[in-house]
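The values are calculated or read from the model by the stated rules, or taken from the named source; none is laboratory data. All of these numbers come straight from a predicted model, not from anything done at the bench. Methodologically, a virtual Cβ is constructed for each residue, glycine included, from the backbone with ideal geometry; neighbour enumeration extends over all protein chains shown.
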Amino acid sequence: MISMRPRHRALSAAALYVGATAVAGLVLVLTDGSPDRLAVLHLLSFPGSAVVTVLLYLTSALFGPADPPADQATEPGIALGSLVPVVGGALVNVLLIRGAVGFVRVFLRERAATRRARDH
């Protein structure tokens, strides 16, 4: 049996998380699922989806409103564009965890170096 290194396991877990979120959202859009199910996906990618949603609102405020033309009818249901905050949020969550783990590693390394310097 081939054993994976911890870094490869973490990368595989991150890719699986983002991929599963994207596939679940795509299935939801293609099956015309209810918006309540989209709320569950937002909850699963919560801190990141909130960050991406705020960035999208700020970007739309910067470039002006994106009102559809009057002759185009909007169809009810979930649009494919509503998955951007969910999948982007999953990516942001992965980056947040990576940053936190990197911070803890640097903190522990510096603490050990400080103790060694103090002991000598």
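Observations, loosely collected:
- Annotation note: Cβ proximity below 9 Å between a residue of the range 18-31 that is closer than 12 Å to HIS42 by Cβ and a residue that is surrounded by fewer than 13 Cβ atoms within 10 Å (Cβ to Cβ) and among the small types (Gly, Ala, Ser) (sequence gap 6+ or interchain) occurs for LEU28/SER34.
- Those helices (runs of 4 or more DSSP H) of the range 3-104 in which 1 or more residues are modelled with pLDDT of 90 or more and of a type in the set (Ser, Thr, Tyr) occupy 6-30, 46-63.
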